[in-house]
Amino acid sequence: MWLDVKESEFMLNDEIKNKVLTDYQETIKFVNRNSKSLMHPTFSHHSSMYTFTTEILSGYINKLGLRDKNVLTVTASGDQILNLVFNDVKNIDGFDVNTNAYYITQLKIAALKSLPYEEFINYFSACKSFEDAVFVEKKVENNSDVFAYNVYQKFSDKLPEDAKYYWDLLYKEFNYDGLNLHDSVCIPSDKDTAIFANDYLKNATNYEILKQKINNVNINYYVKDILQLHTLSKKYDGILLSNIYDYVVSDWYGVISAEDFNSYVQNKLSNLLNENGTIQLAYKYHYKTKNVVYGSTLKKLFASKYKIDVNESLNKLSYKKILVPSLIEEYRKNKEMDCVYLYNNSKKR
Ligand SMILES: C[S@@+](CC[C@H](N)C(=O)[O-])C[C@H]1O[C@@H](n2cnc3c(N)ncnc32)[C@H](O)[C@@H]1O
């Protein structure tokens, strides 16, 4: 069925065309997989795409001193890359174990180049608030603009040809029903969190500034596991590892121990850093939370107000922590915080 997409429109060479076809077919296989985890997302070579970040990037990217520097970052939803561009980073390499992170990032960049502010947000966000997305499960039903095909048509000519071929195939597969396409291949995001989390979405002015800056950057993409990054032969001033730590280091489904992760960073990954380079090691949700105390009024009165979720192993490796407001608005009202751990190859731990 996918061969119906007008191939004559594309000047892709056979090698690239075959790669895109494989990416498309593997994405459909992933969508139709038999078992789906209820506990955590599955990350593979062709898994679901994040439409927006799940980190408060506005709370830390501008504090890393990366202006005009070389940066390696997770590709994910493309938001790390877009915020780096907004903060005047000119050379960016994206890595992700998921090939589809490349396609969603190209979709974001093409949309940015063509759409006005509101239309961009409505195209990528499934609903208005975090509660709608997570707790009430309203998800995509309450935003008919999400992935709307008529909106896609406004900017698809700005996509690189491989990404246009991929998205055209997917729209065809889902009978041009954007809502269904989005719900099948994306992890839903909400508008309020997207605006709070991203400097470039703070207001229409910032968005227009990014529109100008996006044409003057050099971005490369690698399909790589976090534990393969040391095989890159480049040097960077900053490396952003998102919250991948939570998925590779864990008692339940992790692949390495906390000690092995630390020695990987110190002995291998840090070799990619220029002098005084920084690695954003981990992003920990719910680092500083309200201590809910049960018992007598007296006990409640003397109880400490907040509890801190200390990670001893990350503490040993990092030289600095940046606390950022919680991802969840309800928790932000309580002044609860998430935490970003930083490693620096020239500063003492
Ligand atoms: C960890 S997820 C979670 C979302 C993230 N907090 C954000 O704000 O974008 C981000 C990305 O990491 C990628 N990822 C997960 N495990 C990985 C690994 N072991 N190596 C490389 N990328 C990985 C996923 O494919 C996904 O695109």
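The values are calculated or read from the model by the stated rules, or taken from the named source; none is laboratory data. The shown structure was predicted, so the numbers you read here are calculated from the model rather than taken from an experiment. Methodologically, a virtual Cβ is constructed for each residue, glycine included, from the backbone with ideal geometry; neighbour enumeration extends over all protein chains shown.
Out of the residues in segment 246-271 that are within 14 Å of the ligand (Cβ to nearest atom) and among the aromatic types (F, W, Y), state the one that is farthest from T54 (Cα to Cα).
So, considering only residues that are within 14 Å of the ligand (Cβ to nearest atom) and among the aromatic types (F, W, Y), the one farthest from T54 (Cα to Cα) is Y264.
From the set of residues in segment 216-244 that are part of a helix (DSSP H, G or I) and free of Cβ contacts under 8 Å to residues at least 24 places away in the same chain, which is farthest from the ligand (Cβ to nearest atom)?
Within segment 216-244, the match that is farthest from the ligand (Cβ to nearest atom) is T231.
Considering segment 15-30 alone, what residues qualify as being under 15 Å from W167 (Cα atoms) and within 16 Å of the ligand (Cβ to nearest atom)?
The answer is D23, E26, T27.
To keep it simple, each residue is scored yes or no on (1) out of contact with any strand residue (DSSP E or B) (no Cβ under 8 Å at 6 or more places or on another chain); (2) modelled with pLDDT of 95 or more.
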{"site": "F130", "(1), (2)": "no, no"}
{"site": "E137", "(1), (2)": "yes, no"}
{"site": "F155", "(1), (2)": "yes, yes"}
{"site": "K158", "(1), (2)": "yes, yes"}
{"site": "L179", "(1), (2)": "yes, no"}
{"site": "D190", "(1), (2)": "no, no"}
{"site": "A194", "(1), (2)": "yes, yes"}
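Give me a count of the residues in segment 270-286 that are in contact with a Leu (Cβ under 7 Å, 6 or more places away or on another chain) and either closer than 11 Å to Y343 by Cα or part of a strand (DSSP E or B) (or both).
6
Filter segment 49-65 down to the residues that are of a type outside the set (S, T, Y) and touching a helix residue (DSSP H, G or I) at 6+ places or on another chain (Cβ under 7 Å), then identify the one that is nearest to the ligand (Cβ to nearest atom).
E55
With the structure loaded, tell me whether K224 is over 30 Å from K268 (Cα atoms) and at pLDDT 95 or above or whether it fails that test.
Judged against the criteria, K224 is not a match.
Can we say D88 is buried (at least 21 other Cβ atoms within 10 Å of the Cβ), in contact (Cβ under 8 Å) with a residue 24 or more places away in the chain and not hydrophobic (A, V, I, L, M, F, W, C)?
no
Restricting to segment 24-53, what's the tally of residues that are surrounded by 20 or more Cβ atoms within 10 Å (Cβ to Cβ), within 21 Å of Y283 (Cβ to Cβ) and out of contact with any Ser or Thr (no Cβ under 6 Å at 6 or more places or on another chain)?
Total meeting the criteria: 3.
Name the residues in segment 246-261 that are more than 16 Å from H230 (Cβ to Cβ) and either among the hydrophobic types (A, V, I, L, M, F, W, C) or modelled with pLDDT of 90 or more (or both), would you?
D246, Y247, V249, W252, S257, A258, E259
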